[in-house]
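Colleague: Okay, handing you the structure first.
Throughout, read-outs are computed from the coordinates displayed, never taken from laboratory work. Quick caveat, the model's predicted, so the values are computed rather than measured. Reconstructed Cβ throughout: ideal geometry from the backbone, glycine too, with neighbour counts over all protein chains shown.
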Amino acid sequence: MTTLTNEDRLALIAAVERPGITPDDQMSEAGRKILAFHLARLLKREAGVREGSDPKDVHEMRVATRRMRSAIPIFEDYYTDDALKTPRKMLRRLAHALGGIRDIDVLRIKTEQYATRYDDNVRAGLVPLYEAWENQQAAARSELNDLLDSDAFEHFLVHFAQFLNTPNAQVATNNADTSSPKAMLVRHVAPTILYKRFEALRAFDSILDSATFDALHQMRIRAKEFRYALETFEEALGDQADSVIEAAKALQDHLGALQDARVAAGMLHDYMAQADENQPMTVILHYLATRQAEKQKLRGEVNANWATFNRPQVRQSLAASVAAL
């Protein structure tokens, strides 16, 4: 049984306005700052997530979870092998539980926007769909609350916070060999990290015309990883990093909308396959056709959105922001 109150959990890690990363930070300590920053943001939303009245709480907790999951691969080599093993596993479980709620929130918001364009008969035809989603979401919320109430989650919070609050804890190396030093500072390591992620994203340029929806989903993930890496080091980068972040975000948002439309169509198919055979489906079929048309429209706009991102100005801004290190 868990023993910490919400106030106890909030007190585990200090909430700050910015992580405070500098070019001269050791990577291990920069990682500590980033992970602590997002853990505090996660804990700030826990009470609201449990209450369940505001979808924004789930969204913000999910964002904080994603940010930590994205940061771990950047910084894990600078800690001992076991330092982030448990946090990685717990954050994966938490992301899955939050996703089960958030995906339906997004789907419902979009469906309600669609319904406002039609009369009461159409809105009534969507009610069984809402009811099915509410049942799915209730099950997902129960799973999430069970996780938040678990001893395993409390153990994760206490030990992860202790690790983050202890400078130089579980650092992999102190770089004692001065004859062959290892790059350990943000200013030395961040450029390679950023350009590796930029490289992984730009690789999609060669397959864009024939890219499948699965490939475009992977492209969205690479865009998100690049953006998150930029935002991780943003305080240490030059001023032009802002424009690169905005360009990456615009691309990610478009590909995200495409994936949302694709997921929505899949969920509507699943609903119809499981519904009572006597249930009227005209309204839902029309809505499905609308989401499929949206998916195709967004697919047709991918190349133009990519061209906006893949401009020389974006590459020049990236180079200038990295040069400030």
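Colleague: What's the whole-number percent of alpha carbon pairs in the stretch 243-284 lying beyond 13 angstrom?
Modeller: The answer is 65 percent, as a whole percent.
Colleague: Still on this structure, please answer the following. To the nearest whole percent, what portion of all C-alpha pairs in the stretch 146-239 is separated by more than 19 angstrom?
Modeller: Of the Cα pairs, 66 percent sit more than 19 Å apart.
Colleague: Which of the aspartates and glutamates could a cross-linker span from K56 if the Cα-Cα distance has to be under 15 Å and same-chain partners fewer than 8 positions apart are dropped?
Modeller: Those aspartates and glutamates meeting the cut-off are E46, D103, D105.
Colleague: Moving on to the next point. Pick out, from F226, A47, A289, the residue whose Cα sits farthest towards the positive end of the charge dipole of the chain, with +1 on the Cβ of Lys and Arg and -1 on the Cβ of Asp and Glu.
Modeller: So the residue furthest toward the plus end is F226.
Colleague: Work out, step by step, the length gained on full extension between S179 and Q162: first 0.36 nm times the residue separation, then minus their alpha carbon distance; give nm to one decimal.
Modeller: Computed gain between S179 and Q162 is 2.7 nm.
Colleague: How many times 2.2 N^0.38 Å is the alpha carbon radius of gyration of the stretch 80-136?
Modeller: Rg over 2.2 N^0.38 Å, computed on Cα atoms: 1.77.
Colleague: Just how large is the dipole of the chain about the Cα centre, in debye to the nearest 20, putting +1 at every Lys and Arg Cβ and -1 at every Asp and Glu Cβ? Write down the numbers at each step before the final one.
Modeller: Working: 41 positive and 46 negative charges, 164 e Å.
The calculation lands at about 780 debye.
Colleague: Cα to Cα, under 12 Å, and not fewer than 8 places away if on the same chain: which aspartates and glutamates meet these conditions relative to K196?
Modeller: Cross-link targets: E225.
Colleague: What is the distance in Å between the Cα centroid of the stretch 266-325 and that of the stretch 1-67?
Modeller: 29 Å
Colleague: Work out, in µm²/s and without decimals, the Stokes-Einstein translational diffusion coefficient of the chain at 25 °C, 0.890 mPa s, Rh from Kirkwood over C-alpha pairs.
Modeller: 112 µm²/s
Colleague: With a cut-off of 8 Å between alpha carbons and a minimum separation of six or more residues, what is the relative contact order of the chain in percent?
Modeller: Relative contact order of the chain: 21 percent.
Colleague: Here is a further query. Compute the separation of the alpha-carbon centres of the stretch 131-203 and the stretch 86-129 and state it in Å as a whole number.
Modeller: 27 Å
Colleague: Next question, about the same structure. Kindly rank 232-239, 191-198, 151-158 from highest to lowest mean number of other beta carbons found within 10 Å of each residue.
Modeller: Highest to lowest by the protection proxy: 232-239, 191-198, 151-158.
Colleague: Just need the relative contact order of the stretch 175-325 here, percent rounded to a whole number, with Cα pairs under 8 Å and 6+ apart.
Modeller: 31 percent
Colleague: Still on this model: If each of A132 and R187 carries a label point 7 Å out from its Cα toward its Cβ, how far apart are those two points in nm?
Modeller: Computed distance between label sites A132 and R187 equals 5.9 nm.
Colleague: For R123, put the label point 7 Å out on the Cα→Cβ axis and report which residues of the stretch 282-303 keep their amide N under 18 Å from it.
Modeller: Counting backbone N atoms under 18 Å from the label point, the list is 283-284, 287.
Colleague: If I fit a long axis through the Cα atoms of helix 186-202 and take the longest principal axis of the Cα atoms of the chain, what angle between them do I get, 0 to 90°, rounded to 10?
Modeller: 30 degrees
Colleague: Let me ask you something else. If we count every other residue with Cβ under 14 angstrom of V49's Cβ, Lys/Arg +1 and Asp/Glu -1, where does the sum land?
Modeller: Numbers: positive: R9, R41, K44, R45, R50, K56, R62, R102, R141; negative: E46, E51, D54, D57, E60, D105, E143, D146, D149.
Value of the local net charge: 0.
Colleague: Name the lysines eligible as straight-distance cross-link partners of K89: C-alpha to C-alpha under 22 Å, and not fewer than 8 places from it in the same chain.
Modeller: Within the straight-line cut-off, K89 pairs with K33, K44, K224.
Colleague: Can you tell me the equivalent ellipsoid semi-axes for the stretch 91-167? Use √(5λ) from the Cα gyration tensor, largest first, whole Å.
Modeller: Listed largest to smallest, the semi-axes of the stretch 91-167 are 38, 13, 6 Å.
Colleague: Here's a follow-up. Using a Debye calculation, one point per C-alpha and no hydration shell, please list log10 I(q)/I(0) for the stretch 1-152 at q = 0.21 Å⁻¹ in order.
Modeller: Relative scattering, expressed as log10 I(q)/I(0), comes to -1.34.
Colleague: Scattering from the C-alpha atoms of the stretch 188-323 alone, worked out with Debye: what is log10 I(q)/I(0) at q = 0.14, 0.16, 0.18, 0.21 1/Å?
Modeller: Values, matching the q order: -0.68, -0.80, -0.94, -1.16.
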